[in-house]
Amino acid sequence: MAKLTITGIDDFEMKLSKLGNESERIARKAVYEAAGVIADELKKETNNLDDRDYFFYGNEKKESFAITDAQKQDLLNGLGIAKFDDEYGVINTKISFGGYGSIKTKKYPKGVPNLMLAASINSGTSFRRKNPFIRRAISRCRVRAQNRMVEVYENEVNKIVK
């Protein structure tokens, strides 16, 4: 009768156990790092938004891409990464423009919501031409973010499994 002897199975089992205990931490770190890549690209794209002053002459309505310097600064100040959402074992986070702008109006006494301002720039309004800066930023860095997630995951797993 044949006999099979496996050496080191206890070490392998211990490494798998450690990896199982650390899997959520590793996943959160990888998602956070990828979100950072996307947030940095979104910040660059927001900085590139046209902030030249524009005026309306008389009753003539002209569409523009432009936003004010204050609106651009409000978007940059409000850009952030939300807390993690762990739903059914899937870890997510959101990158968004939170808070309110510094320009207060009668309709918005706290200031114009930054998320609404970003959506109006991205999708366009009756007085602002569509400028899909969010889509451009995400398209440009999607592969980089995915690669960063893989890199962080592999580094963390290699630290545990050595």
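FYI, it's all coordinate maths here, none of it is from the lab. Just so we're clear, the structure is a prediction, and the values are computed from it rather than from any experiment. A quick note on method: Cβ atoms are made from the backbone with ideal geometry, for glycine too, and the neighbour counts reach across all protein chains shown.
Some observations on this one:
- This ranking places 83, 72, 110 by how few other beta-carbon atoms lie within 10 Å of each, fewest first, which gives 83, 110, 72.
- Cβ-defined net charge surrounding residue 149, 13 Å radius [Lys, Arg +1; Asp, Glu -1]: +1
- Take the Cβ atoms of residue 106 and residue 162, set R0 to 45 Å, and the FRET efficiency comes out at 0.10.
- Amide H contacts of residue 128: 64, each under 5 Å away and 5 or more positions distant or on a separate chain (H built 1.01 Å from N in the peptide plane; Pro and chain starts excluded).
- The length gained on full extension between residue 77 and residue 143, counted as 0.36 nm times the residue separation minus their Cα-Cα distance, comes to 21.2 nm.
- Taking a ≥ b ≥ c as the square roots of the eigenvalues of the alpha carbon gyration tensor, region 19-161 is prolate, as a/c is not under 1.5 and a/b beats b/c.
- Whole-Hz ³J(HN,Hα) from phi, Karplus 6.51 cos²θ - 1.76 cosθ + 1.60, for region 146-162, glycine and proline x: 5, 5, 5, 4, 4, 4, 5, 4, 5, 4, 5, 5, 5, 5, 7, 8, 2
- Exposure proxy order (Cβ contacts within 10 Å, fewest to most) of 97, 84: 84, 97
- Remark: region 67-73, residue by residue, has Karplus-estimated 3J(HN,Hα) of 10, 7, 4, 5, 5, 4, 5 Hz, where x stands for each Gly or Pro and the curve is 6.51 cos²θ - 1.76 cosθ + 1.60 at θ = phi - 60°.
- Links that overshoot a 22 Å alpha carbon limit, given the list 83/110; 83/104; 43/106; 72/94: 83/110; 83/104; 43/106
- Formal net charge of residues neighbouring residue 112 (Cβ-Cβ distance under 12 Å; K, R +1; D, E -1): +3
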